[in-house]
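Peer 1: Let me give you the structure first, and then I'll get to my questions.
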Amino acid sequence: MKEEQRDLYSLIINQLVHDGYLSEATKISESTMIPCPIKGEASNKLFSLYQSTISGGGGLGIHSGVNRVNSNMDIDDDSSAIGSNGGKNLIEDIINMKECLDFDDPIQQQQLTTGSSISSATTSSSSDGTTTTGIINEKLQQQQQQPNFITKFITTHKNACRCAKFSWDGKFVATGSSDTSIKLLDVNKMRNYNQTKNETTEDSAPSRPVIRTFYDHTMPINDLDFHPSAPILSSASKDGTIRFYDYKSSLKRSFKYIQDTHGIRSINFHPCGDLILAGTDHQMIRLYNVNTFQSFTARKINEHHHGPINQVRFSLDGSIFASCSKDNTIKIWDSNNFSLISTLNSPHGGKEPTTVQISRNQKYLLSCGRDSMIKLWEITSGRLIYSINTGVNQSGGQNKNRISATFNYTEDYIITNDEQPSVAVVYNSRTKEQVQKLTGHNNTIRYIAASPVENALMTCSLDHRGRFWTDDTLSLSSNPINSNIVNKLDVDI
């Protein structure tokens, strides 16, 4: 559904509730997946617009730039940083904001070959007198500044922190726990928060970063995702449900949910926002229409996985997606017709792959598995470009720890588990050099999430804590996307 349509239906639903037609508003809400406000919060904006049209002769002015009038779905002025065309402009900005990981580029190829950030190159002169060596080394020096991640905030659950996800605009992050709760946190407040309190105390006071805690699942949370343009957070749980929360409202319960026959292990919104992938304890991947909840799956039985799905992830433009399974395979799919493109058989030496991520240019796939290896693959050929041995599961000979790996927002770095389970480590994605170790947790790190717009991370641990990290070496305003967001929020960094 287009943003203009969501705006219109939001106006209609609010007006119906305001006028007392709750059952009619509820039917439209269920059909369109736009939250229905309670009686006291419903807006009279549609009638006001009609009156102004009658008196002034103007149009209703419903377009992509108009603010949502549903107080539960209100996207106020600062959300224009996402782009007036919903999430589409933001996705395009993320794809194009920095040089992609690309080993066809001679500079990046040199880094991979030499294994160092600054290296020699064959000298050749150009027409203006500059040399290839000078050009390459100048670019390498620009990339040499390494991040220095520091903990800025710690949020505490009552049981293991299992997963986390940043919103598409990077303004929010959510964490999910074995205690069945979900915490929504304000990134800007975390960045500027002075963590002087005891880590076990409450962190949801009005001045503190935890905006809301959601309680609606009956079993542990496995995965989270944000809608690309609407203020909706989705969660997946072992209880077999995918739940949808309106995080602009004060409600702590989901306004809609999908009930599956199996526990939900992984979810991911399509960039259009109308579809959501679901990997479950069943071997068949589901693709749900979030408006009708109609379910789709691949037609050819022999193309499916043969075991539970560990993770599903779309590419940034949504044209393809990747999946990994306990059957020890990784599959690449065409999103347009749900057909299989390719399969990597035993990519992690007979051990199950645990996470997958497609690079921004869709050339590469990052995977990790219970064999302790991080691997980068060329998608078109299935060729292994390189691997990194984290050593996570090599002490004691058991593969008990679930490994997580992710690119940072520029794809210059890979953040993953260290051989010490309670430590995360940052690697240069081009040279494979270890850059930094992130210490602070006192139990195994289960999941690592990275912001799509800045050098910010959330690490989730069995110590019940989620740690928010930012890069201390870079100013937020130097990021072209985040500088716009900061200006809109009028934040003094």
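Peer 1: Taking the stated definitions as given, is residue 367 closer than 24 Å to residue 466 by Cβ, among the small types (Gly, Ala, Ser) and not in a loop (DSSP other than H, G, I, E, B)?
Peer 2: On the way: closer than 24 Å to residue 466 by Cβ: yes; among the small types (Gly, Ala, Ser): yes; not in a loop (DSSP other than H, G, I, E, B): yes.
Judged against the criteria, residue 367 is a match.
Peer 1: Can you name the residue in region 9-37 that is assigned to a helix (DSSP H, G or I) and of a type in the set (Gly, Ala, Ser) and is also surrounded by the most Cβ atoms within 10 Å (Cβ to Cβ) among such residues? Step through it out loud before you land on a result.
Peer 2: Restricting attention to region 9-37, the residues satisfying the condition of being assigned to a helix (DSSP H, G or I) are 9-18, 22-32.
Applying the additional criterion that residues be of a type in the set (Gly, Ala, Ser) yields 10, 23, 25, 29, 31.
Working: 10: 31, 23: 8, 25: 22, 29: 23, 31: 11.
It comes out as 10.
Peer 1: Name the pairs whose Cβ atoms lie under 7 Å apart, with the first residue in region 289-306 and under 22 Å from residue 28 (Cβ atoms) and buried (at least 17 other Cβ atoms within 10 Å of the Cβ), the second of a type in the set (A, V, I, L, M, F, W, C) and modelled with pLDDT of 95 or more, and 6 or more positions between them or separate chains?
Peer 2: Sorted first by the residue in region 289-306, then by its partner, the pairs are 290/275; 290/276.
Peer 1: Can you pull out every residue in region 413-434 that is surrounded by fewer than 19 Cβ atoms within 10 Å (Cβ to Cβ), hydrophobic (A, V, I, L, M, F, W, C) and not in a loop (DSSP other than H, G, I, E, B)?
Peer 2: Just the residues of region 413-434 that are surrounded by fewer than 19 Cβ atoms within 10 Å (Cβ to Cβ), to begin with: 418-420, 422-423, 432-434.
With the extra rule that they be hydrophobic (A, V, I, L, M, F, W, C), the set shrinks to 423.
Those that are surrounded by fewer than 19 Cβ atoms within 10 Å (Cβ to Cβ), hydrophobic (A, V, I, L, M, F, W, C) and not in a loop (DSSP other than H, G, I, E, B): none in region 413-434.
Peer 1: Given the criterion closer than 17 Å to residue 32 by Cα and at pLDDT 95 or above, identify the matching residue among 262, 270.
Peer 2: Unique residue meeting the criteria: 270.
Peer 1: When you scan region 449-456, do you find a residue that is touching an Asp or Glu at 6+ places or on another chain (Cβ under 6 Å), at pLDDT below 80 and not small (Gly, Ala, Ser), even just one? Give the derivation first.
Peer 2: So in region 449-456, the residues touching an Asp or Glu at 6+ places or on another chain (Cβ under 6 Å) come out as 455.
Then drop every residue that is not at pLDDT below 80, which leaves none.
Within region 449-456, not a single residue is touching an Asp or Glu at 6+ places or on another chain (Cβ under 6 Å), at pLDDT below 80 and not small (Gly, Ala, Ser).
The values are calculated or read from the model by the stated rules, or taken from the named source; none is laboratory data. Small disclaimer: the values here were computed from a predicted structure and weren't measured. All Cβ positions, glycine included, derive from the backbone under ideal geometry; neighbour counts span all protein chains shown.
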